[in-house]
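A.B. asks: Just dropping this structure here.
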Amino acid sequence: MTDLRDIIAQIDLLEPVPPVAAQILALADDPNSSLTEISELIIHDPALTANLLKICNSAFFSLSRRIDSVRDAISLVGLDQIVELVLFNSLSSNFNKELVGYGLGERELWRHAVSSAHVAAMLADRFGASQTKHLIFTAALIKDIGKLILGRFVAFSYEQINILVHSKGQSFNDAEHAIIGMNHEELGALVAKRWNFSEKLIYVMRHHHLSDESARQDLETVLVYLADLICMMMGVCTGADGLSYRFYSDVLNQLSLNGNDLQGIIAEAGKNQQQVEVLLAL
Ligand SMILES: [Fe+2]
């Protein structure tokens, strides 16, 4: 088995999320915070401000007038979009490399992450979780970040993992844990902890494949799981492990979702995917 210290040591090689992103996220989900507090945080980070204004003035938003200030950006583009853009700006550089162990080319995990996050936000609105939408969006965006580190360890042990998945019927993450000693959910939660994300965000990342039965009672975790599943069903960069996770039909019952509803959600997500592709090309 791999020495887990070798794996954990690599967390420090990731480009850390700047504290300002975690602070903005906390404020965005705090009903007592004000837009002024959020814009104050952003303007104290000149690089972030410049990037935000550049994207807000791009063809993606097609606004009728030029945006020259963060305050303007928040009022015209909306807080949800600004939080999304702050997270994209802070995280995307980590996702540039190819992940051989997971059969994902350059940026494919990022495409899956961004798509999952958009589907998760859509589900949050639909299933009465608007208040924690930013947390759900962020969890869906970074849930697989452990793969960035674990990829080469998985590549090295792929045959053994594959035997457990295909001959013993184990899920991919159980097989990862059995062979490597850690799976991408566990490692992702450690990354989130190192970056000082909230306990709740760490929990959702740690359980996003719902292997632990108790997590199936947690709405935020269930919605992130479902968003991941929908992206897999849409074939958005599924990777080598994509079809080797469990499907828990009781989760659909819990949300009072039948097969037709699910198909409707997938169709809507498919339409939104075009917008995601434009965002990815910025
Ligand atoms: Fe995952």
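The values are calculated or read from the model by the stated rules, or taken from the named source; none is laboratory data. The shown structure was predicted, so the numbers you read here are calculated from the model rather than taken from an experiment. Using ideal geometry, Cβ is built from the backbone for each residue, glycine included, and neighbour counts are taken over all protein chains shown. For accessibility, only protein heavy atoms count, side chains too; no ligands or nucleic acids. Shrake-Rupley method; radii C 1.70, N 1.55, O 1.52, S 1.80 Å.
A.B. asks: Please indicate, with yes or no, whether at least one residue in the range 222-230 is open to solvent by less than 20 Å² (accessible area, probe 1.4 Å) and among the hydroxyl-bearing types (Ser, Thr, Tyr).
C.D. replies: yes
A.B. asks: Then there's this: Of everything in the range 249-258 that's open to solvent by 30 Å² or more (accessible area, probe 1.4 Å) and within 19 Å of Ala124 (Cβ to Cβ), which residue is farthest from the ligand (Cβ to nearest atom)?
C.D. replies: Residue satisfying both the conditions and the ranking: Ser256.
A.B. asks: I would also like to ask the following. Quick check on this structure: which one of Val86, Val70, Val154 is more than 13 Å from the chain's Cα centre (by Cα) and surrounded by fewer than 24 Cβ atoms within 10 Å (Cβ to Cβ)?
C.D. replies: Val70
A.B. asks: Which members of the range 91-108 meet the condition of being assigned to a helix (DSSP H, G or I) and open to solvent by 10 Å² or more (accessible area, probe 1.4 Å)?
C.D. replies: Answer for the range 91-108, where residues must be assigned to a helix (DSSP H, G or I) and open to solvent by 10 Å² or more (accessible area, probe 1.4 Å): Ser92, Ser93, Asn94, Val100, Glu108.
A.B. asks: Return the pair list, or none, for Cβ contacts closer than 7 Å from residues in the range 252-274 that are under 18 Å from Ser116 (Cα atoms) to residues that are open to solvent by 40 Å² or more (accessible area, probe 1.4 Å) and not in a loop (DSSP other than H, G, I, E, B), at least 6 apart or on different chains.
C.D. replies: Cβ pairs passing all conditions: Ile266/Met233; Asn272/His118.
A.B. asks: May I ask you to list the residues in the range 198-237 that are among the basic types (Lys, Arg) and more than 11 Å from the ligand (Cβ to nearest atom)?
C.D. replies: Passing the criteria: Lys200, Arg216.
A.B. asks: Can you name the helices (runs of 4 or more DSSP H) wholly within the range 1-58 that have at least 3 residues being closer than 16 Å to Asp80 by Cα?
C.D. replies: 19-28, 35-43, 46-56
A.B. asks: Given the structure, is Ile149 assigned to a helix (DSSP H, G or I), without any contact (Cβ under 8 Å) to a residue 40 or more places away in the chain and either in contact with a strand residue (DSSP E or B) (Cβ under 6 Å, 6 or more places away or on another chain) or among the hydrophobic types (A, V, I, L, M, F, W, C) (or both)?
C.D. replies: Spelling it out, it is not the case that Ile149 is assigned to a helix (DSSP H, G or I), without any contact (Cβ under 8 Å) to a residue 40 or more places away in the chain and either in contact with a strand residue (DSSP E or B) (Cβ under 6 Å, 6 or more places away or on another chain) or among the hydrophobic types (A, V, I, L, M, F, W, C) (or both).
A.B. asks: Of all the residues that make up the range 172-185, how many are surrounded by fewer than 19 Cβ atoms within 10 Å (Cβ to Cβ) and under 22 Å from Glu220 (Cα atoms)?
C.D. replies: Residues that pass the stated criteria total 0.
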